[in-house]
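Enquirer: First the structure, which I've put down as structure tokens, then a few questions once you've had a look.
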Amino acid sequence: MNLCRVLMQEHRIIEKILNMFELEIKMFTEEKHIDPISIYVSIDFIRTYINQVHHGKEENILFRELSKKDLSPEHGNIMNELKVEHKYSGNILSKLIVTNNRYFDGEDTFQEIISYLKELKQFYPQHIKEEDEHFFDSILDYFDEEEQAKIISEFGGYDKKVLQWKYRKVETVLKERIQFAAEADINRHHNVEDDKIIPITDQERRRFKRKQVRLSVSIDKFLLKTGKSMSGTILDISAGGIRFSIPKVPVLEMASNRELTEFCIGFNLPNNFLPIVVKCHLKRVIEIAAEIQIGAAFLDTDFHSQEALQQYLH
């Protein structure tokens, strides 16, 4: 395999996620709300897979080696343009991150977030096309087979910074998230007891050893009567469930039907680059001073999330 095929394969992964961005933007716009888990996964993919790993391979390895060659004016100009474009996309991402944080701190930055997502969605296909059609194949003549093999080997060092299989799952994660949001929206509109508050207690013995932690968590909006998402802090976690705290809110929606006692959370484990997204079943709610502590059992964990949890807990 030549060195550019490696980068072009990563382009195909990026294109698949960009297609999901379009559906994500549509979901946000229709609901007039930013889903915290979807945006969390999307930002992490851009920041880690595209900017740090993919662009890192291009700038810190390929462009470095090309700069040692006697490049034609055309190739030199294109390489410099690509560097500028990488910086541009990084700046847009930085603005998106800041704006997203402001949104979940209570500011109305909804339109700014949508604008930055659309800008990135429009930018990346053009950037990829420029590299694929006008640069990659034409610069191969600067390297012999041994040099290409050395560069590909160095690419592998960047791959060790992330779990590649996890980022290949981002498309599936976003698809499931968008589908879950659609189904929950249907349940919310067809439930006739939306305002009924039911105290939920749990007398079950814990079957899993729990680990005390302090990790940030994003909580799905369908847990709250207000319909808003919020962030909280994980207090302890096991292979079967979680306990986290959120700031005290006026009313939690503890509906009688099963669908509205299920919600999603998203969080990052240390040294695990792709967020864990898990569907949970509400088990207990305790008010303590200015916070609410929530206990929940995991309903739906895919193999890789379960594996990451097991490794973290042992």
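Enquirer: Can you pull the one-decimal nm distance between simple spin-label points at Glu133 and Lys95, each 7 Å off the Cα toward Cβ?
Expert: About 2.6 nm separates the two model spin labels.
Enquirer: Would you list Lys248, Lys32 from fewest to most Cβ contacts within 10 Å?
Expert: With the fewest neighbours first, Lys248, Lys32 line up as Lys32, Lys248.
Enquirer: Kirkwood hydrodynamic radius for the range 3-180: how many Å is it when counted over pairs of different Cα atoms?
Expert: 17.4
Enquirer: Amide H of Ile292 versus every other amide H placed in the peptide plane: which residues, excluding those fewer than 5 positions away on the same chain, fall under 5 Å?
Expert: Ile246, Lys248
Enquirer: Per residue of the range 140-147, in order, report the coupling 6.51 cos²θ - 1.76 cosθ + 1.60 (Karplus, θ = phi - 60°) as ³J(HN,Hα) in whole Hz, putting x for Gly and Pro.
Expert: Karplus-based 3J(HN,Hα) across the range 140-147 equals 5, 5, 6, 10, 8, 4, 5, 5 Hz.
Enquirer: What number, in percent, do you get for the relative contact order of the range 27-174 if the mean sequence gap of Cα pairs under 8 Å and at least 6 apart is divided by its residue count?
Expert: So the answer I get is 39 percent.
Any read-out appearing in this document is the output of simple, stated calculations on the displayed coordinates, not a laboratory observation. In this text the structure is predicted, and so the values were computed from the model without any measurement. All Cβ positions, glycine included, derive from the backbone under ideal geometry; neighbour counts span all protein chains shown.
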